[in-house]
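Peer 1: One structure coming up, written as structure tokens, with questions to follow.
The values are calculated or read from the model by the stated rules, or taken from the named source; none is laboratory data. Just so we're clear, the structure is a prediction, and the values are computed from it rather than from any experiment. Reconstructed Cβ throughout: ideal geometry from the backbone, glycine too, with neighbour counts over all protein chains shown.
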């Protein structure tokens, strides 16, 4: 029974995390990434609908799913901010390398 609830929590987490990524891809106009993440989210929704029908009167399953979904939101925000900081650091490194290479050419 515990594995059932773990599965429900993980599905909620993956769905929410995938939605966060999907919205990010939409904002950045990444068509293929958006298509793939939307496809995965819809497939997860089929699983969610099946679980919802299967456990219609199971309050614990609903709470576990909500906790997993909420955790996915938080992880999606953390992932997004982490990626932004990594991109920013890499961008600074690239600028330094280009600037340094430009100074070598001048000499």
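Peer 1: Of all the residues that make up the range 17-35, how many are within 17 Å of residue 83 (Cβ to Cβ) and assigned to a helix (DSSP H, G or I)? Full working, then the answer.
Peer 2: Of the range 17-35, the ones within 17 Å of residue 83 (Cβ to Cβ) are 17-30, 33-34.
Filter again for assigned to a helix (DSSP H, G or I), leaving 17-27, 33-34.
Count: 13.
Peer 1: Picking from 84, 90, 107, which residue would you name as being over 15 Å from residue 8 (Cα atoms), surrounded by fewer than 10 Cβ atoms within 10 Å (Cβ to Cβ) and modelled with pLDDT under 85?
Peer 2: Numbers: 84 fails: surrounded by fewer than 10 Cβ atoms within 10 Å (Cβ to Cβ); 90 fails: surrounded by fewer than 10 Cβ atoms within 10 Å (Cβ to Cβ).
Answer to the selection: 107.
Peer 1: Looking at the range 2-12, is at least one residue within 19 Å of residue 74 (Cβ to Cβ), without any contact (Cβ under 8 Å) to a residue 12 or more places away in the chain, surrounded by fewer than 14 Cβ atoms within 10 Å (Cβ to Cβ) and over 12 Å from the mean Cα position of the chain (by Cα)?
Peer 2: For the range 2-12, residues within 19 Å of residue 74 (Cβ to Cβ), without any contact (Cβ under 8 Å) to a residue 12 or more places away in the chain, surrounded by fewer than 14 Cβ atoms within 10 Å (Cβ to Cβ) and over 12 Å from the mean Cα position of the chain (by Cα): present.
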